[in-house]
Each structure stands twice: as structure tokens, then as C-alpha cells.
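Heads up, the thing below is written out as C-alpha cells.
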Amino acid sequence: MLQYSGKVIDPKKNITYGSCRKEHFVMFSSNPTKAYPLRVEMIGTTYPDKDYFIERKHADYFVFEYVVSGKGYITQAENKWTVEEDCVYILQPGAAHRYGADQKHPYQKIWINFFSDIMTDVLAAYGLASQTVFPNSGCRKYFDELLELAQQYSDNGDAYVKVSDILFRMIMSLAQQAVRDNGGSTLANTVKEALDASVYRKITIETIAEQLSISKSQMTREFKRYYGVTPYHYILDRKIAIARRLLLVTNMKVFEISSQLGFSDEYYFSDLFKAKTGVSPLKFRYGK
């Protein structure tokens, strides 16, 4: 049985909670003598409770969750998703978000919260960076492994290596599923390749459509059908994901990051970054 603890009041008032009385979780300790590319904060289970929700003004860590049964919802920026049995959803650091249980059919879920300097790049490398919800995921076994590991190794910092193994196998499974789901559209894949190759330069959707000799509307419709977002929002999300990484692991100035990612206007880049993540680039870097 996982240990239970009431939610600690957030001193920065960054997180708002609904009812969490039916939530069990394990807090992980860390090994201060070792630097891991992934550090687990918690692994837990949320049981059906119609009043359950969590809202973060600025997410500081990754959240991977698996819906065991019932239904729930996620809102992030202008997007809203419904999640149900066998869905996995991935929430990345930076953006504000809210998720919770459906009032009539509240969900049960298994989840992990963790910090990582590499996960944004890993998700991008496997084409998962712009997808939040993965229906019919077939990932229950990975989350069961996480729960089992939490009960055995939560007081051992070296457990992070075992968690990384589970998460990478899960990501590979999701990536293979995405390839199968998207494999029927050569056009969507071609557009994605063109967008991925344009992360570090300025390019317009109109230019790509012209290069492929198709209309912008046809290209947008086909791409969104297979990837769930428009080409325009896909490339912006990729650029912002890279910007988050550069802000955290380099000393590059904001204008240098803006220029490297193909933005001609530093102020537009800063406004876009804040719209996508809820904070300015400097606040994201320094956590203020």
C-alpha cells in the first residue's frame, strides 16, 4: 500500500487543489552526491472523486498520467481535452494547466511527477513534443511497474535509473504507436519533416505549401488530422520547447535565443513565450 500524505500548502500559491482525499502517493528522496538527468518527485494513484482537480499557474516538472477508468479533462492555453480509460497524457514544464475528474464518471489514474533537463528533447526527438493526449495507449504495464518500484525503492536515489528505464520504454511505445497512426499520411509526415528542419530558421506555412504544390488549407487540414495541431502551432511549440531548454542549460541571452530560433523580433518571442508558458523567459530561467 502506498503511503498517504495530505497535500502540502504551496508557499508560492502556484498550485490550487480540489479534493485530494482519495489520493495516495510516495515522495522520493534524492542522492545529493549524484546528478541525474531525471529526478522523481512523486509516484501515486488518484481514486475516483468528482471534486478532484489540480491547477498550476506555472508547471515546474513533467507530469505523466494514465487513466485506469472513468473520465477526466485537461485544459491548457486555448486547448481542452477529454481523457478516458487507457489514455496517457503528458504535461510539460512551463505552461499553465488544469486537470481534473469528470463530475459524473470521475477517473482513477496512476501518475508520476519528475524533473528532467533532457525529457523535452527526448519527446521532441520522437515526435511527441506537441501531443498531449495519447488515447488507447496500451501503457498500463509501465505505470504498474512505476507503482511497484515506488513501494520498493522510494528512499533510494538510484531508483531514478530504474524509473528512467520504464519511462523510456513507455516513450518508445508511444512513438511507435504514433508512427503507426500517422503512417497513412505521406503528406502529413512530409510537412512534419519540413517543419522539424525549420526550427532554427524563419519559414512560413505558405512557403511550405508552395514548395509541396498544395493549398495551405489542404496542408493544414491533413496535418491537423494526423498530429492534432495545425502546422503553425506545431512549429511554435517546437521552438518554445527548445527555448525552455536553452534558458535552463545555457547562459544565452534572451535575444540570442530568439535569433537562433528564427524570430526577427525579441519582444514578439518574449510575448509568445509568456503566452505559451505563463511566464516571461527570464522568470522561467530564474524561477521568480
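Numbers for the structure displayed
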| quantity | calculated |
| --- | --- |
| Those residues of the range 51-72 which are within 19 Å of D102 (Cα to Cα), modelled with pLDDT under 95 and of a type in the set (K, R), in sequence order | R56 |
| The range 115-155, residues that are buried (at least 21 other Cβ atoms within 10 Å of the Cβ), over 22 Å from Y234 (Cβ atoms) and of a type in the set (F, W, Y) | Y142, F143 |
| Unmet requirement for T75, which otherwise passes all of (1) under 27 Å from D165 (Cβ atoms); (2) of a type in the set (V, I, T); (3) modelled with pLDDT under 95 | (1) |
| Residues located in the range 69-84, provided they are closer than 24 Å to V26 by Cβ and of a type outside the set (A, V, I, L, M) | S69, G70, G72 |
| Which listed residue, of Y226, Y200, Y232, is among the hydroxyl-bearing types (S, T, Y), modelled with pLDDT under 90 and under 21 Å from L91 (Cα atoms) | Y226 |
| Only listed residue being touching a residue at least 40 places away in the same chain (Cβ under 8 Å) and either exposed (fewer than 15 other Cβ atoms within 10 Å of the Cβ) or of a type in the set (V, I, T) (or both), chosen from Y234, Y200, Y286, Y226 | Y200 |
| So Y99, is it without any contact (Cβ under 8 Å) to a residue 60 or more places away in the chain and either surrounded by 17 or more Cβ atoms within 10 Å (Cβ to Cβ) or in contact with a Cys (Cβ under 7 Å, 6 or more places away or on another chain) (or both) | yes |
| First in the range 259-279 and farther than 26 Å from N14 by Cβ, second anywhere and among the aromatic types (F, W, Y), Cβ under 8 Å, 6 or more apart | Q260/Y200; L261/Y200; L261/F269; G262/Y200; F263/F269; E266/F255 |
| In the range 50-76, the residues that are more than 19 Å from T132 (Cα to Cα) and surrounded by 19 or more Cβ atoms within 10 Å (Cβ to Cβ) | Y52 |
| Criterion: among the polar types (S, T, N, Q) and touching a Pro at 6+ places or on another chain (Cβ under 7 Å) - qualifying residue of S258, S280, S270 | S270 |
| Selected residue [at pLDDT below 85 and among the aliphatic types (A, V, I, L, M)] from A175, A188 | A188 |
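Results for (1) under 18 Å from A77 (Cα atoms); (2) of a type in the set (D, E, K, R); (3) assigned by TED's automatic domain parsing to the domain that holds G127, shown as yes or no for each residue.
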| residue | (1), (2), (3) |
| --- | --- |
| Y200 | no, no, no |
| T230 | yes, no, no |
| I235 | yes, no, no |
| R238 | yes, yes, no |
| A241 | yes, no, no |
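The values are calculated or read from the model by the stated rules, or taken from the named source; none is laboratory data. Owing to the predicted nature of the structure, the values given are computational and were not obtained by experimental measurement. Cβ atoms come from the backbone with ideal geometry, glycine included; neighbour counts cover every protein chain shown.
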